[in-house]
1. Can you go through A:R30, A:R130, A:R95 and tell me which one is under 30 Å from A:A359 (Cα atoms), of a type in the set (D, E, K, R) and within 8 Å of another protein chain (Cβ to nearest Cβ)?
2. Please go through the range B:86-99 and pick out each residue that is touching a strand residue (DSSP E or B) at 6+ places or on another chain (Cβ under 8 Å) and within 23 Å of B:D432 (Cα to Cα).
3. Output yes when any residue across the range B:101-124 is modelled with pLDDT of 95 or more, surrounded by fewer than 24 Cβ atoms within 10 Å (Cβ to Cβ), closer than 23 Å to A:T93 by Cα and hydrophobic (A, V, I, L, M, F, W, C), and no when none is.
4. Failed condition for B:G198, given (1) open to solvent by less than 30 Å² (accessible area, probe 1.4 Å); (2) more than 10 Å from chain A (Cβ to nearest Cβ), with all others met?
5. Hey, B:F49 hits all of (1) touching a residue at least 60 places away in the same chain (Cβ under 8 Å); (2) over 20 Å from B:L399 (Cβ atoms); (3) of a type in the set (F, W, Y) but one; which does it fall short on?
6. Every residue in the range A:342-358 that is under 13 Å from A:E44 (Cβ atoms) and surrounded by fewer than 24 Cβ atoms within 10 Å (Cβ to Cβ), please.
7. Run A:R186 past the list (1) closer than 21 Å to A:S64 by Cα; (2) modelled with pLDDT of 95 or more; (3) not in a loop (DSSP other than H, G, I, E, B) and report the number of the one that doesn't hold.
8. Residue check: is A:A43 of a type outside the set (S, T, Y), within 13 Å of chain B (Cβ to nearest Cβ), open to solvent by 10 Å² or more (accessible area, probe 1.4 Å) and more than 24 Å from B:F178 (Cα to Cα)?
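The values are calculated or read from the model by the stated rules, or taken from the named source; none is laboratory data. None of the values given here were measured: they were computed from a predicted structure. Cβ placement follows ideal geometry from the backbone for every residue including glycine, while neighbour counts extend to all protein chains displayed. In case anyone asks, the SASA skips ligands and DNA or RNA and just uses the protein heavy atoms, side chains included. Shrake-Rupley method; radii C 1.70, N 1.55, O 1.52, S 1.80 Å.
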Amino acid sequence: MTRAPLHLAVALDGAGWHPAAWRDPAVNARELFTARHWAGLVAEAERGLLDFVTIEDALGLQTSRLDGPDERTGEVRGRFDAVLLAAALAPLTTRIGLVPTATTTHTEPFHVAIGIASLDHVSLGRAGWRVQVSARAWEAAHFGRRQIPALIPKRDTAGQWVPDEQARELIADLFEEAADAVEVARRLWDSWEDDAEIRDVATGRFVDRDKLHYIDFAGSRFSVKGPSITPRPPQGQPVVTVLDHGGSPVPYELPARAADVVLVTPHSRDHARDIVEQVRSRPRDGHPLKVLADLLVHVGDDAAGRKARLDELAAPPESDAYTFAGTAAELADLLLDWREAGIEGYRLRPAAVPSDLAAITRELAPELRRRGAFRSRYEAATLRGHLGLPHAINRYASQKADIA
Amino acid sequence: MKQVHLAAHFPGVNNTTVWADPRSRSQIDFTSFADLARTAERGKFDFFFLAEGLRLRELKGRIHDLDVVGRPESLTVLAALASVTERLGLAATVNATFNEPYELARRLATLDHLSAGRAAWNVVTTSDAFTGENFRRGGYLDRSERYTRAEEFVRLSRELWDSWRPDAVLADQESGRFLRSGAVSAVSHRGRHFTVEGRFNVPRGPQGHPVIIQAGDSDEGREFAAANADVIFSRHGTLEEGRAFYADVKRRLAAHGRQPHQLKIMPAATFALGDTDAEAAERAAEIRRQQVGPQTAIAFLEQIWGRDMSAYDPEGPLPDVEPAVEQGVSQGRVQVSDRVAVAARWRAVAEEKELSIRELVIHMTGRQSFVGSPATVAAQIEEFVRTDAADGFILVPHLTPGGLDDFVDRVVPLLQERGVFRTDYAGATLRDHLGLGGAA
């Protein structure tokens, strides 16, 4: 049986996901806050024919604590707005998908929706959005608009964080708001039909206003009238991605309702099988949902040695994702093994760039290709195309077709 | 010799854009933005300017369909342009009413990093409940609060930008010190409009503070600019009006402890060129007729009169009909505050000059425009700047994206010959181009 090729993405953040990554001699640490640093990484990912890169973001300073910012000076602190960074990378690349993180908790859904639509325009159809909620009290204090109580984290016997009752309610509420924000974005992206711009000189009309639609969204937290100010993006709807650890009171409900791609964090093949079953059992409206697994990776012949050196400089991160250290061939074995559980692709978090990224693009990707599990060239121009997702149907256009 | 500053406006959503011209291309494709920006950079312009609108305009309860409709989000496009230009300043119009300081300040700081010091923010405000229908907070802001919120917004943004020392990032791989100790200060702001506590998460940008641009002609607008802005975007048509405005605004600076060179006055201006002045005048008239087509003329009349005027012939005389008193026929544009008085003024002009509806609209909606041969236009621009009616201009071409080509190819070299415009960029940042000095 021919299997669908794996999807492969990388998650970019600072110098990598290990707290000591920036001290790797291969990193030019002084360049982290330049466009050049990011351009080099994304070009490398594109040379590896990866589906997309994600860019981490948050509306607060990085911290390794759960209850507030830390005072550490020995780790990377500071970040760019991910949507703008992705936009700057768009003209420097031609095929790779660009998926910035944007929170729904403190932002205006209208602004985020037109920002992602504009990223799709400037990248000619390569935009995605990693939807994120923020339950952090100190990030709420940067906005002064809503009270978010400081969450006191507890651990279960397996060492996983478990939220208490108050936290459960809050998180369920934030996920509900995120689902509303995605719904608003999708309606705004559809609010211009593809052929709304007519430039009809005879009647003097630039647009056919019958093809522009008020979205009239009214939710419990906000309402948005529409239409978008930004014409429908090239992909119709950019690719919506949600990372879900399954640890929330509403596991996998947001991605099932709202996403095109869900990022999950299995720790074994059996765990992966269980997660895929859970994702697939959630109520949804029938549109395709790709399940990709997140892994934090040290890759290469000297992966264990490099990991040990980084671990000596700083304790390894308390990762929600499974941490792998080994050769590209060993990683390929693991990725193909978990595929048996229904995982359709992976978002790899390089422990340290550029070393682990280069090992992904120059060793892992060719290894998977040799095994018939990865593309040998880009066959599509858009991110939806890479992921095998269809062009998004415009709800307003189809409504009209139903009436006619 | 006093130098001329020039900026390019990407012609967006209004009737200045002649979309029906066969040379007109997409208003949304990135190539259009990139082409116009590259032309501006070839012409050594100070910056590239994008306007904003957060709701599609309506007339008589329906979306206005005669002008260009639709545009991308400004900062996203400028971030992409940062990668295809090297020196050109990148100015985004962003509303201070429907944004929050922590988020917007970090987006602007990000653009400043991505462009290596070329970011600018044109601060605008609105109290418009119509626009508010697209946002969480709705149209909550009272008109009188617009400037107090904007002022607090700008002040708080500067506090956030200043909260990282310029040398905060040490990135010393040997010692393991990424940040200097104490290099990131906590911000604690409790004001009338904002309560912000915490730490900013973008290092200080190359310019320290992105350039602040502000438009506005009211007394409070001028005062806001004198206190806060690096560039003021005005619209004074004649030399005399320009000089009066210039003198007034520059005089206000001292009270804020600022020098005259720290605020540049740059009115918006259109232009029409020809080989001779007569040919340019003909071209200017033709452009205005394209900008104000028959349907557009009626639409303008409806905005002033506040009622349906679609039954009248745009090429015929102004009908003998009184304006409606109630407001609200037009949404998303500047509201006409006293219909009866404005309509009376329009009628008087129409009668005196014997103008048709369309001719009247063309006459009444014209703005500062340089019309003539390249030599004439260069001389006019130099005169405005030399005699302190302006420090430069934000040019609004009528075509996308090729509308600046003639100006850059034919007028810029003449300004350079006159010694009043740079032949190359001297500095790297927009603050350098504008001669503003570093951020305070």
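1. None of the other options fit; the residue is A:R30.
2. B:L88, B:G89, B:L90, B:A91, B:A92, B:T93, B:V94
3. Within the range B:101-124 (the criterion being modelled with pLDDT of 95 or more, surrounded by fewer than 24 Cβ atoms within 10 Å (Cβ to Cβ), closer than 23 Å to A:T93 by Cα and hydrophobic (A, V, I, L, M, F, W, C)), the answer is yes, since at least one residue qualifies.
4. (2)
5. (2)
6. The answer is A:P354, A:S355, A:A358.
7. Here A:R186 meets the rest and fails (1).
8. Numbers: of a type outside the set (S, T, Y): yes; within 13 Å of chain B (Cβ to nearest Cβ): yes; open to solvent by 10 Å² or more (accessible area, probe 1.4 Å): yes; more than 24 Å from B:F178 (Cα to Cα): yes.
Yes, satisfied.
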